[in-house]
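K.L.:
Take a look at this one; I'll ask things after.
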Amino acid sequence: MKTIEEPAREIPVYGEYEIVVLGGGPAGIAAAVAAARAGRRTLLVERYGFLGGMGTAAGVTNFCGLHANVHGEMHRVVQGISSDLLARIDRLDGLNKPHRILGKIFAQAYDTAAYKIAADGLLGHHKVDILFHALGAGVAMDGEARIHALFVETKAGRQAIRADIFIDCSGDGDLAAWAGAPFEVGDSHGRLLYPSMMFRLNGIDPAKAGDAWRTIPQLMEQAEAKGTHQFPRKAAIVRPQRSQIEWRVNFTQLKRSDGSAINGLEPDDLTRGEIDGRRQAVEAFAFLRTVPGFEKSYIVDLPPQLGIRETRRIKGGYQLSGEDVLGCASFEDSIGVNGWPIEEHVAGDVIFRFPPIPQSRGYNELPYRMLVPEKIDNLLVAGRCASMTHEGQSAARVSGACFAMGEAAGLAAALALRGNRVPRDIAIETLQRALKGQGAFIGRDQAVPEGL
Ligand SMILES: Cc1cc2nc3c(=O)[nH]c(=O)nc-3n(C[C@H](O)[C@H](O)[C@H](O)COP(=O)(O)OP(=O)(O)OC[C@H]3O[C@@H](n4cnc5c(N)ncnc54)[C@H](O)[C@@H]3O)c2cc1C
């Protein structure tokens, strides 16, 4: 690639904080709230004008991983800050009751507008400063192991933000990568989970549609056999939202011309993915209009961006693996749990793999070491870019585990500042005690929370 030299320039300092969180998805929301609630001057930086991450920006509209199938019984195992957020969404009448996926696990749909408003309220309540419409674009380092400042591009030009500790919740590990933290992309062959363009339909007749999510897979098979339609993948998810006239559609799969997954780190790939995603959505809609109850439906929302499931995964003190998920692993430095199975978006299909039901307890613990990157001292990384293998990430990338990781990272950063230590060296028992004291379930000796 040709290059040109950018002239050196003075960058205005937007602010100086104790803790700066990059990214306002589930991990970033929880990290910022936990840090500010612990009394630390905290800023959350987000490139869009709203919070929620993939949950709102990519139209996901459904929480997975808040629950686990514990010996055949559903329990809400991710609590803490996510409970406060869900209560706020519920007060806005934007939360569904949990519903079963594949008969084995619960998920919980929500209204996107309610999520955005609830998240604003939650961060405001805890006095988190927010900087929207600011794209993180690089870092200034203080030596090789300390981040001095985060650079952001804004409508007012490039600005610098200083902090003592940074938490990378960008989903893509942007901040960690700029700082020089080691990371991986894809499985051992570089294969990534395939992205999807989500969309929502409105105008569905709920009485006529009934449990259409059960019949749609067979209708798809019949349509393909007849040659009337062709689908980019099997295992489409089409389910009702809070208002039963509105359904979300998780149906598409975006690939390059060689068949490999669109890479969310490549601008040309992203461009192609957005355009192909909308085209696939229209094709899926043409089929869905033939399903009883969907005849008068219309596309009410194509989200602001393509849904990216996996890009960089930082290398930390421990990589959560697929075996850890399937074997419901325990860790002495547990900071939360994941109850979601492995959900691999492979070429043309979605493959789910669960821990044994009902023999297993249905969740694995998440070690603090997943959040602590190699090499960089004043950085934590939470959410789908935390330290996991490709298979481990295929499970713990969903919202529930991201909320848990974010909450732990925010509190850990605050504890590090209190003890004048780097996050890597905090006393893990203190973090665990504080998390439990604030209502989080971290596994270990705690009783599994009752209820949903
Ligand atoms: C199509 C699809 C369907 C899914 N379905 C479900 C589901 O049903 N249930 C579920 O729980 N999970 C689902 N997931 C997974 C889940 O939504 C994500 O893995 C989860 O949101 C990850 O949370 P996060 O906080 O780590 O990152 P993200 O949600 O990706 O949030 C990262 C945030 O950082 C911001 N950001 C990124 N880079 C920068 C930058 N350089 N500067 C400033 N801001 C930046 C982004 O705008 C975003 O707001 C789905 C994902 C996809 C793609």
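K.L.:
Go through segment 137-156 and give me each residue that's within 15 Å of the ligand (Cβ to nearest atom) and open to solvent by 80 Å² or more (accessible area, probe 1.4 Å).
P.N.:
K155, the sole residue that qualifies.
K.L.:
Within segment 186-239, work out how many residues are among the small types (G, A, S) and within 16 Å of the ligand (Cβ to nearest atom).
P.N.:
4
K.L.:
Considering each residue of segment 241-265, count those that are assigned to a strand (DSSP E or B) and either within 12 Å of the ligand (Cβ to nearest atom) or open to solvent by 20 Å² or more (accessible area, probe 1.4 Å) (or both), and give that number.
P.N.:
The qualifying residues number 5.
K.L.:
Given (1) in a loop (DSSP other than H, G, I, E, B); (2) surrounded by 18 or more Cβ atoms within 10 Å (Cβ to Cβ); (3) of a type in the set (G, A, S); (4) in contact with a strand residue (DSSP E or B) (Cβ under 7 Å, 6 or more places away or on another chain), identify the lone condition not met by S330.
P.N.:
Condition (2) is where S330 drops out.
K.L.:
When only residues in segment 105-145 that are assigned to a strand (DSSP E or B) and among the aromatic types (F, W, Y) count, which is nearest to P341 (Cα to Cα)? Step through it out loud before you land on a result.
P.N.:
Of all residues in segment 105-145, those assigned to a strand (DSSP E or B) come to 105-110, 129-131, 135-141.
Next, only the ones that are among the aromatic types (F, W, Y) stay: 106, 110.
Details: F106: 11, Y110: 21 Å.
If we take residues in segment 105-145 being assigned to a strand (DSSP E or B) and among the aromatic types (F, W, Y), then F106 is nearest to P341 (Cα to Cα).
K.L.:
For segment 334-349, how many residues are open to solvent by 20 Å² or more (accessible area, probe 1.4 Å) and not in a strand (DSSP E or B)?
P.N.:
So the answer is 2.
K.L.:
A follow-up question, please. Determine whether segment 378-390 contains at least one residue that is away from the ligand (no atom under 15 Å from the Cβ) and either touching a residue at least 60 places away in the same chain (Cβ under 8 Å) or of a type in the set (F, W, Y) (or both).
P.N.:
Scanning segment 378-390, I find at least one residue that is away from the ligand (no atom under 15 Å from the Cβ) and either touching a residue at least 60 places away in the same chain (Cβ under 8 Å) or of a type in the set (F, W, Y) (or both), so the answer is yes.
K.L.:
Let me ask another. Taking segment 397-425 as the region of interest, how many residues are more than 9 Å from the ligand (Cβ to nearest atom) and assigned to a helix (DSSP H, G or I)? Spell out how you get there, then give the answer.
P.N.:
Residues of segment 397-425 more than 9 Å from the ligand (Cβ to nearest atom): 404, 407-425.
Narrowing further to those that are assigned to a helix (DSSP H, G or I): 404, 407-419, 423-425.
Number of matching residues: 17.
K.L.:
Does E283 meet the test of being more than 16 Å from the ligand (Cβ to nearest atom) and assigned to a loop (DSSP other than H, G, I, E, B)?
P.N.:
Numbers: more than 16 Å from the ligand (Cβ to nearest atom): yes; assigned to a loop (DSSP other than H, G, I, E, B): no.
Taking the combined requirement at face value, the residue does not satisfy it.
K.L.:
Exactly one condition in (1) open to solvent by 20 Å² or more (accessible area, probe 1.4 Å); (2) in contact (Cβ under 8 Å) with a residue 40 or more places away in the chain; (3) of a type in the set (A, V, I, L, M) is false for L288; which is it?
P.N.:
Among (1) open to solvent by 20 Å² or more (accessible area, probe 1.4 Å); (2) in contact (Cβ under 8 Å) with a residue 40 or more places away in the chain; (3) of a type in the set (A, V, I, L, M), L288 violates only (1).
K.L.:
Let me ask something else about it. Quick check on segment 79-92. Is at least one of its residues over 22 Å from N69 (Cα atoms), open to solvent by less than 50 Å² (accessible area, probe 1.4 Å) and in a loop (DSSP other than H, G, I, E, B)?
P.N.:
no
K.L.:
For segment 157-177: of the residues being touching a helix residue (DSSP H, G or I) at 6+ places or on another chain (Cβ under 9 Å) and not aromatic (F, W, Y), which is farthest from the ligand (Cβ to nearest atom)?
P.N.:
D164
K.L.:
When I29 is evaluated against the numbered criteria (1) outside any loop (DSSP other than H, G, I, E, B); (2) under 16 Å from the mean Cα position of the chain (by Cα); (3) more than 9 Å from the ligand (Cβ to nearest atom), which criterion, by number, is the only one it fails?
P.N.:
Only one criterion in (1) outside any loop (DSSP other than H, G, I, E, B); (2) under 16 Å from the mean Cα position of the chain (by Cα); (3) more than 9 Å from the ligand (Cβ to nearest atom) is unmet by I29, namely (3).
K.L.:
Still on this model: Name the residue that is farthest from G171 (Cα to Cα), counting only residues in segment 33-63 that are in contact with a His (Cβ under 8 Å, 6 or more places away or on another chain) and more than 7 Å from the ligand (Cβ to nearest atom).
P.N.:
R37
K.L.:
Turning to a different aspect of this structure: Restricting to segment 199-231, what's the tally of residues that are open to solvent by 10 Å² or more (accessible area, probe 1.4 Å), within 25 Å of S243 (Cα to Cα) and part of a loop (DSSP other than H, G, I, E, B)?
P.N.:
4
K.L.:
A further question follows. Among the residues of segment 113-136, are any farther than 30 Å from A434 by Cβ and open to solvent by less than 30 Å² (accessible area, probe 1.4 Å)?
P.N.:
no
K.L.:
Just name the residue that is farthest from the chain's Cα centre (by Cα) out of those in segment 173-193 that are open to solvent by less than 20 Å² (accessible area, probe 1.4 Å) and of a type outside the set (A, V, I, L, M, F, W, C).
P.N.:
G186
K.L.:
Out of curiosity, is R361 open to solvent by 20 Å² or more (accessible area, probe 1.4 Å) and in contact with a Leu (Cβ under 8 Å, 6 or more places away or on another chain)?
P.N.:
Working: open to solvent by 20 Å² or more (accessible area, probe 1.4 Å): yes; in contact with a Leu (Cβ under 8 Å, 6 or more places away or on another chain): no.
Judged against the criteria, R361 is not a match.
K.L.:
While we're on this one: For segment 372-396: of the residues being part of a loop (DSSP other than H, G, I, E, B) and open to solvent by 10 Å² or more (accessible area, probe 1.4 Å), which is farthest from Y194 (Cα to Cα)?
P.N.:
Here is the first cut: in segment 372-396, the residues part of a loop (DSSP other than H, G, I, E, B) are 372, 374-378, 382-387, 389.
Imposing the further condition that a residue be open to solvent by 10 Å² or more (accessible area, probe 1.4 Å) reduces the set to 372, 374-375, 377, 384, 389.
Details: V372: 27, E374: 27, K375: 30, D377: 33, R384: 14, T389: 16 Å.
Of everything passing the filter in segment 372-396, D377 is farthest from Y194 (Cα to Cα).
The values are calculated or read from the model by the stated rules, or taken from the named source; none is laboratory data. Quantities reported herein were computed from a predicted structural model and do not represent experimental measurements. Neighbour counts are summed over all protein chains in view; Cβ atoms, including those assigned to glycine, are modelled from backbone coordinates with ideal geometry. What goes into the accessible areas is simple: the full protein's heavy atoms, side chains included, and nothing from ligands, DNA or RNA. Shrake-Rupley method; radii C 1.70, N 1.55, O 1.52, S 1.80 Å.
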